[in-house]
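The values are calculated or read from the model by the stated rules, or taken from the named source; none is laboratory data. From a predicted model like this one, the values you see are computed outputs, not experimental measurements. Neighbour counts are summed over all protein chains in view; Cβ atoms, including those assigned to glycine, are modelled from backbone coordinates with ideal geometry.
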């Protein structure tokens, strides 16, 4: 759990020009931000670049952080999410995946999403191998729409509560819950199809 | 779906309770109604199963480790200051020169050290040290005489030349002594030619075949007492007088 007093002190020192405080902030948050970026962007290289961008932006705008307006973690996550969305728009990977069998958009291949994943079918013993299972889940996660993906990442991977997620995504809590529901169900359907065919 | 009712619960209410149910926050009564609706509704039941499965899959994902140089890159691109903590960690991980030498020498030193720790070796070493100290004290060498200057390059060179000069001088002296001695012997031989040498007398004695024993060879310790005496008695037996002394009590 975030120690508010320590973090606020670090931010104050950093704004005052203390390089050690800035290093402490980087040490504290680089792992979390990198994981969000990795799960959202999909590749380690993109995640590394995006994490670096987040910290560059944070370094430049740290003085604008208002302690009274919310937790530092929420502020950092919002910044990360905004950069991820910008990155997604720039790379034109955005897609709508409300249904896995929906007609593919102009940026997608001709095959449905489930078929795209099936092309990289895992070997029969993959179900008992956690590493390969993790890769399959990570791959399926990339097939979700960015709205559903960011919602499930913040909830199920970063353990944020609905109120914090709503603050980061700037949507009502009900919408957050709905997106999380749909994201989980969509992911399960994708993975069930994969393993049904493998079996 | 929202309009359908099963077990006294509408699908919309089921959906609202879904998160509390997944977070285990439902009361027992609500939980019973929720589960009953999931069993009865052919839409909400599969949806619940899918959401639970998706949550399970997501929770199975492990946190990934950031690249090792990420923090360094971030600091370089922001504050431009190298991470002292990383440098310290790197230096802590890197073994020092002493540790590397120890690691290299351990296979050789370990058996030697186990031998050195034996009491027998300690005793031998003590005796050697004692002998050396005695020898040094006899030779007149004192540890206090050894100054630091003697261990310098010039000091060592001076010591070397001094020692060499001493050895050469000692050798020359010995040679002179022997030379003088040999000259004296030659001079003696030249001045006394008439005297027969002791060796000549010895030679004459060896050539004597008269059978007379040497005066000093009267006792033969190898003979037994019971061994018969083969030598004959002389013609005139010596008069033997026996004196008995009685002791009267």
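Some notes on this structure:
- Hey, residue A:84 part of a helix (DSSP H, G or I) and farther than 24 Å from residue B:64 by Cα or not: no
- Residue in the stretch B:51-74 that is farthest from the other protein chains (Cβ to nearest Cβ), counting only those that are surrounded by fewer than 19 Cβ atoms within 10 Å (Cβ to Cβ) and assigned to a helix (DSSP H, G or I): B:72
- The stretch B:15-50 - residue that is within 30 Å of residue A:32 (Cβ to Cβ) and touching a residue at least 12 places away in the same chain (Cβ under 8 Å) and, of those, nearest to the other protein chains (Cβ to nearest Cβ): B:18
- Residue within the stretch A:136-145 that is within 13 Å of another protein chain (Cβ to nearest Cβ), at pLDDT 90 or above, within 16 Å of the chain's Cα centre (by Cα) and not in a helix (DSSP H, G or I) present: yes
- Failed item in (1) buried (at least 20 other Cβ atoms within 10 Å of the Cβ); (2) away from chain B (no Cβ under 12 Å); (3) more than 17 Å from residue A:79 (Cα to Cα), with residue A:164 passing the rest: (3)
- Scanning the stretch A:33-56 for residues that are at the interface with chain B (Cβ under 10 Å from one of its Cβ atoms), in contact with a helix residue (DSSP H, G or I) (Cβ under 8 Å, 6 or more places away or on another chain) and surrounded by fewer than 18 Cβ atoms within 10 Å (Cβ to Cβ) yields A:44, A:56.
- Residue among A:149, A:193 that alone is more than 18 Å from residue B:59 (Cα to Cα), more than 8 Å from chain B (Cβ to nearest Cβ) and in contact (Cβ under 8 Å) with a residue 60 or more places away in the chain: A:193
- Some residue of the stretch A:121-134 being within 11 Å of chain B (Cβ to nearest Cβ), part of a helix (DSSP H, G or I) and modelled with pLDDT of 90 or more: no
- Condition met for residue A:76 (buried (at least 17 other Cβ atoms within 10 Å of the Cβ) and either assigned to a helix (DSSP H, G or I) or touching a residue at least 40 places away in the same chain (Cβ under 8 Å) (or both)): yes
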